[in-house]
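The values are calculated or read from the model by the stated rules, or taken from the named source; none is laboratory data. Note that the coordinates shown come from a computational prediction; the quantities given were computed from them, not determined experimentally. Positions of Cβ are generated from backbone atoms using ideal geometry, with glycine treated the same way; all protein chains shown enter the neighbour counts. Heads up: the accessible areas ignore ligands, DNA and RNA and are worked out on the full protein's heavy atoms, side chains in. Shrake-Rupley method; radii C 1.70, N 1.55, O 1.52, S 1.80 Å.
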Amino acid sequence: MARVAGRVVSPRAVVGVFAGAFVIAVSPLQRVPVPPAERILIRHVSVIAGNDEPMAQDMSVLIDSGRLIAIAPSSKEQVGWGKTRGARVVDGRGRYLIPGLWDMHAHIDDVEMLPAHAPDAEKVLQLPLFVLEGVTGVRDMGGRLHVLLRWRDSIAAGALLGPRIIPAGPLLDGPVPMWPGSIAISDTVQARRVVDSLQREGAAFLKVYSLLSRESFFAIAREARRIGMPFAGHVPFTVSLSESSDSGQKSQEHLLGVPDETGDLRAAQRAESAAGAGGLARYIARTRTLLDTYDSARAAPLYARLAENHTWQTPTLINTWLDAFGEPDSISSRRMRYMPRFIRLWWNPSSNPHARQRTPAFVALSARMMRYESDVIRQMHGRGVRIVTGTDQGGNPHSYPGFSVHDELALFVRAGLTPLQALQTATRNAAELAGLSESVGTIVAGKDADLVLLDANPLEDIANVARINAVIVRGRLIDSAERMRRLEQLSRDARD
């Protein structure tokens, strides 16, 4: 969903463009059975555990019943590892084993695209692509809760190939929400009731959004703390970044609010007012002034506060990059073939509102924002602010399942993180934020077997996370041949 949609485009305009535009009939989804969990022995592999330990070379990794049983040098492999119960042996020579990646800001049932009226059978075509591109978990940041829970349970049961899903359910927004499918919150009493209701219905956390009033936001924060339910999302327009952090917001998305507290906000508000009635012109004037007046003396204490409060950041840099530079046709043609028809139609530049706002002035500002946000990430990371990988996958054009996680990691390295630090934002850090550190995120005996086998070393070049040989999700091995078959099947399903 658009990070600055409230300042750039009218939500009613977004819905109006697409309402009734697509009534898509899709052919029956051709399902490929999910392989069962099995006993797997990977020999002579280099293990990048995802913690701060150095890469371990020539290792043997034993997996059984979906869990990591043992990890040891291949020279010390125990007799019987590969024989007991007929282990499937994988040759790891010249390959690198990493933890499964996570997308901590995804929209697999994006409410922005509800007006497309795409059937759920078409939407599930997105799910296997995450896994086939090494992403074994997603934090869904706003969708229909009953649908997300159904997909989550089908995936866990092995009936559907897809990533682990941690769902927020519907967005919590102001009385006139920005997007369809949101919960419109008018007062503090309703805010408290919504928190309790979503917890009962099975939401893993709460997603707060831009148009919440101050009173409703803080009522949500108080009730969430009282019942021990995390809340994350946008920093509402009515609340400062520092206030959001102090309130206990677990993660803040898209670096929203950072320019307001590192630049001259009053000057920016004056520039916004002087720009007139156009939403895009006002956003450009406001943001340009905030960047012009950036003050590092304001930034340092802000980052220290975020670190002290353990407030996570999900920058979603890839969308700023796409706003500024677009996607080369060579990349788009390779990836678009896997996109379901409703996404291809939604992303069509002739009608997509995100594409229409890419005026020369907006593109130039986005390039400047890209440099600014890269500096912010480097400085935040240096001051101990925790960062995770997220892509805002969904309605945003060219933000793809799986592929865009690889792009985000590359942008983190370009911003100044080491390849290992970038990799940790999608593995160890993601698991910690998700509350799953005991199960996933690092390669440690006893944890679940969510793993990616690479043909090249990602610590030498982070782009090597895309050189996938095999994926193991909950102990289910998808080897190179099966992975290619499944990708081709997705391409055919997307065309049907």
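Say whether the condition of being among the charged types (D, E, K, R) and surrounded by fewer than 22 Cβ atoms within 10 Å (Cβ to Cβ) is met by at least one residue in the stretch 387-396. Looking for residues that are among the charged types (D, E, K, R) and surrounded by fewer than 22 Cβ atoms within 10 Å (Cβ to Cβ), one finds none in the stretch 387-396, hence no.
For the stretch 471-490, the set of residues classified as touching a residue at least 40 places away in the same chain (Cβ under 8 Å), part of a helix (DSSP H, G or I) and closer than 14 Å to Glu133 by Cα consists of Glu482, Arg483, Arg485, Arg486, Leu487, Leu490, listed by residue number. Taking first residues from the stretch 223-246 that are closer than 16 Å to Lys207 by Cβ and partners that are hydrophobic (A, V, I, L, M, F, W, C) and in a loop (DSSP other than H, G, I, E, B), the Cβ contacts under 6 Å between residues at least 6 apart in sequence or on separate chains come to Pro230/Phe205; Ala232/Phe205; His234/Leu256; Val235/Leu256; Pro236/Leu212; Ser244/Val235.
Every condition in (1) without any contact (Cβ under 8 Å) to a residue 60 or more places away in the chain; (2) open to solvent by less than 20 Å² (accessible area, probe 1.4 Å); (3) among the hydrophobic types (A, V, I, L, M, F, W, C) is met by Phe342 except one, and the failing one is (1). Collect the residues in the stretch 429-467 that are charged (D, E, K, R) and either open to solvent by 50 Å² or more (accessible area, probe 1.4 Å) or part of a loop (DSSP other than H, G, I, E, B) (or both), keeping them in residue-number order. Glu432, Glu438, Lys447, Asp450, Asp455, Glu460, Asp461, Arg467, listed by residue number. Summed over the stretch 468-488, the residues that are buried (at least 17 other Cβ atoms within 10 Å of the Cβ) and either under 18 Å from Arg335 (Cβ atoms) or in contact with a Cys (Cβ under 9 Å, 6 or more places away or on another chain) (or both) give a count of 4. Scanning the stretch 423-439 finds no residues that are touching a residue at least 12 places away in the same chain (Cβ under 8 Å) and in contact with an Asp or Glu (Cβ under 6 Å, 6 or more places away or on another chain). Contact annotation: residue pairs with Cβ atoms under 6 Å, 6 or more positions apart or on different chains, pairing a residue in the stretch 291-302 that is without any contact (Cβ under 8 Å) to a residue 40 or more places away in the chain with a partner that is open to solvent by 40 Å² or more (accessible area, probe 1.4 Å), are Thr293/Asp264.
From the list Leu317, Leu302, the one residue that fits, being in contact with a Leu (Cβ under 8 Å, 6 or more places away or on another chain), among the aliphatic types (A, V, I, L, M) and over 23 Å from Gln126 (Cα atoms), is Leu302.
Applying the criterion of at least 2 residues that are at pLDDT 90 or above, surrounded by fewer than 22 Cβ atoms within 10 Å (Cβ to Cβ) and in contact with a strand residue (DSSP E or B) (Cβ under 9 Å, 6 or more places away or on another chain) to the strands (runs of 3 or more DSSP E) found wholly in the stretch 79-171 leaves 88-91. Within the stretch 4-13, none of the residues are modelled with pLDDT under 95, surrounded by 15 or more Cβ atoms within 10 Å (Cβ to Cβ), more than 27 Å from the chain's Cα centre (by Cα) and part of a loop (DSSP other than H, G, I, E, B).
Within the stretch 419-428, the set of residues being under 25 Å from Met369 (Cβ atoms) and not in a helix (DSSP H, G or I) comprises just one member, Ala426. Selection of the stretch 172-205 for residues being part of a strand (DSSP E or B) and open to solvent by 20 Å² or more (accessible area, probe 1.4 Å) yields Ile183, Ala184.
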